[in-house]
Every structure is written in structure tokens, then in C-alpha cells.
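See structure below.
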Amino acid sequence: MKLASIRNLSKSWREFADNSVNHQILSAVLIISVCSILVKAVAFSKEAIVAWKFGASNAVDAFLIAALVPDFIMNIVASPLNAALIPTYMQVREQESLKESKKLLSSALFWSLVLLGFATLFIVLASPIYLPWMTSGFSSDKLTLTFYLLYAILPLVLLSGIVVFYSAVLNAEEHFTLAALSPVLTPATTIVLLLMFGQSLSIFTLAIGLNIGAILEVILLGTTLYRRGILLRPKLSRLSPALRQVANRYPPSIMASLLMCSSGLVDQSMAAMLSPGSVAALNYASRVNSIPLVLISTGLSAAAFTYFSKMIASNDWQGVHNSLISYLKLIFLVAVPSTLFLILLSEPIVRILFQRGQFTANETHLVAEILSAFALQIPFYVACILVTRLLISLNLQHILMWGSALNLLINISLNYLFIQWLGILGIALSTSFVYIFSFFYVLFFANKSLKKFTVG
């Protein structure tokens, strides 16, 4: 009986892997995952050094809060533009010409830089309003440090936006390796600076490392695109039908990202109301939890978005449906053991990674508890990413927008509820529940939409 089951499983896997689209996706996932392992290894080396030098201190709390808003703004401006742009770019490239697709990219880059410039200005002008609100539990000295760190991080908004744009174009061209590998530059640069100037520059070393790393990424990705015949110069041009299509897709994408990213902003802000070091503890646990999330989801997300867009452009609806089902099964097969591993071994993992220097045994225990709560989300988070990419490819961002609004409402409500019982641990548990809800929400609408297309 067992032998027959193994044979059936082996046969199913061969059929799955032999499919040309699945083979392409699997190859891309493998490439990106290997690169992501290297990036995460270097990133974790950086986190270990930060923990060694600063522990779960007020300075780390201040830095993390300062980085929240620039990261938030970048995510709701740059990432939604790419989500709106790439399906249209691939459609123009396939149905019109390479020349027209390059014109579209230049126009989109121009407007991306304009929006990011205004976003940076907003961050500066509005900071006296939102920072005191976000840091209501901070002392005056800690708040002042947060302001200084915010201004030091500001160049990152524009730089990261360009990096995200360049990476999206490389992924669309099926050049996955460099886009996946380039993020290693930022943690590597930060490590060098921490070891050389950490004592003299203190927590500002992290801000400087972020900016220099982003500059290096822009140079590397821009040079690579140029060598592949794609010279991206921001250019204001007439409103073509393709650009109009991107513009129509953009607002729902912004709203979806705005509401989705708000959850992280809310979590960190509510953590800042708790005991000193809570923001840092939440961040350290999130970093560990991100290892399986990134390794499983990054490659799958980039590859699936590209190939889903391709299949939809050619009206291969059965291929879309089959790929979705196959990859959801694969995700849960891989992600559930990862969840169990992190829950059962959370404390030894945190101890090995962080417990040295200023990072104490008490902090290890706290971060391990938070990590166990975070780990519950892993299968649902990864599966949600896959289904979300499909909905974006189908131009159904409005569904994501309403889903994100529900997520934010559930997150805030559960945060308030769980904090009363569990403190900082309650925030992590709330996040996991939100992603479980998100998965079933997007899966329902994805199945509904695919049935309509396949029947039609």
C-alpha cells in the first residue's frame, strides 16, 4: 500500500515537473531561493552584529520606528506601480513591440520618481505630527533620536523605489538571478560599517549602511539592464493607451498596499506603547520568522507573477488553474514542517543567533515566545502571496483593497484584545490570525474568478 502511494506521488510529481510552464517556474524558484539563502545569511549576520552591539535597546527601538514610515511610503508608492505596470508591459512587449514597451518603462519610471519625491517631502513635513503619535511610549530623548534617524534614512525612499523598479523589469525579462542577489549589498555594507565605525557612529551606522547599500544596488541593477539593451531614462511622454491602462490599475493597487502595509505600521506603533525594547524584540522575532517566508515566497512570488501574466496574456486559463492548485499543495507540503520546526526549536534558534554581548537570556526567552506565535502564519502567508499575485495578474486589485481593509480592522481589534492578556506576544499572534484569514479570503475570489474565465 505504501509502495503504491509512493509510486503515485512520484508519478504526480513527474507530470507536474514535466509541464513546460511548471518547469520554468520551478527553475526560477530554485534560482531565486538559492540567492535568497545567501541574502538571508548575510542579513542575519548583520542582525546578529546589531544584537551584539545594541541588544534590545532604546536606540534599536528608535531606529526601527524611524525606518517604518519611509519603508511604508516606499511600499505604497513603488511596489503598487510595479504591480500595475508589469502585466501591461508584458502585454505591450508581446502584442506590439519592444520599442513601445521601453517607452512605457521610461514614462513609468518618470512618474515613479515624481511620486517618490513628493512622498519624501511629505515624510519630512508631516513628521512632527505622526512621529509623536507613533512613539507615545518614548521618552523625549528617545523621540529626538527617532527624528534624527528618520532624516538620516530619507534618501532610502527614492533609492529603494528605483531598486524595486529595476528588479521588477529584470524579473519580467526572466533574468531572476541578479534581482534576487542584489539585496545582499545592503546588509554586507552595513556589516562592514558596523565593524569599522560602529563605536563612533553608534546606531547611525545602520542608516548609513542602508543608504550606501541602496546606491550600490541601483548602480548594479541599472548597469545590468543597460547591458541587456534596456536603457531606462525617466521621460515624460504622451499618455498612451498602455500608460493609461497602468494609470487605471494604479489607484486600486495603492489602496491595497496602503491598507496591507498599515498592519505592520500599527503593530510597531502599538509595540512602542509597551515596555522598552518591545519594538526591538518584535523585530528580532520577525527577522527569524522571515527566513522560511523569504526562502519559500520570494522565488515563487517573482516567478509566478511573471508566468501567470504570460499565461493570462495568451488566455491559457486551464494552465493558470492547474498551476495554482499544484503550487498550493507544494507550499503547504514545504511550509508546515517549517512552522513546526520554528515552534519546537524557537528558543535554541534565538539563543544561537542573538544571545551575546548586550542581548541577554531574558531577551532570548521573550523573542522565542514571539517567534512561536509568528510561525503559525508561515503556510498561509506564502500561499496568500501566490494567490495575491494571481489576482494582480487578473487586474483584480479592488478585491485586494477590500481584503486589506478587513485585515487592518481585524489586526487592530485582535491587537487590542490580545495585548490585554499576552502583552507583546499578542501582537505576533494577531498577525498570524490575520494571514490565515487573508489566505481564505483571496482563495475564495481567485477560484470564483477562474471559474468565470474557464466557463466563459
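Nothing in this text is a laboratory measurement; each read-out follows from the coordinates by a stated rule. Because the structure is a prediction, the values reported are computed rather than measured. Note: ideal-geometry Cβ built from the backbone for every residue, glycine included; neighbour counts use all protein chains shown.
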Practice item. With only Lys, Arg, Asp and Glu charged, each at its Cβ (+1 for the first two, -1 for the last two), find how big the charge dipole of the chain is about the Cα centre; round to the nearest 20 debye. Key: 1060
**Study point:** Relative contact order [Cα under 8 Å, 6+ residues apart], the chain, whole percent
**Key:** 23
Review point. Can you give the charge dipole size of region 76-145 about its Cα centre, rounded to the nearest 20 debye, using +1 on the beta carbon of Lys and Arg and -1 on the beta carbon of Asp and Glu?
Key: 120
**Study point:** Ranked packing of 75-84, 214-223, most packed first, by mean Cβ within 10 Å
**Key:** 75-84, 214-223
**Study point:** Out-of-range pairs (alpha-carbon distance over 23 Å; input Lys99/Lys235; Lys102/Lys452; Lys329/Lys448)
**Key:** Lys102/Lys452
**Study point:** Label-point separation in nm, Arg228 to Leu333, each point 7 Å along Cα→Cβ
**Key:** 3.0
Exercise for review: Place +1 on the Cβ of every Lys and Arg and -1 on the Cβ of every Asp and Glu in the chain, take the dipole about the Cα centre, and give the residue among Ser275, Val192, Val39 whose Cα lies farthest towards its positive end.
Suggested key: Val39
Practice item. Give the peptides 406-412, 384-390 in descending order of average Cβ contacts within 10 Å, highest first. Key: 384-390, 406-412
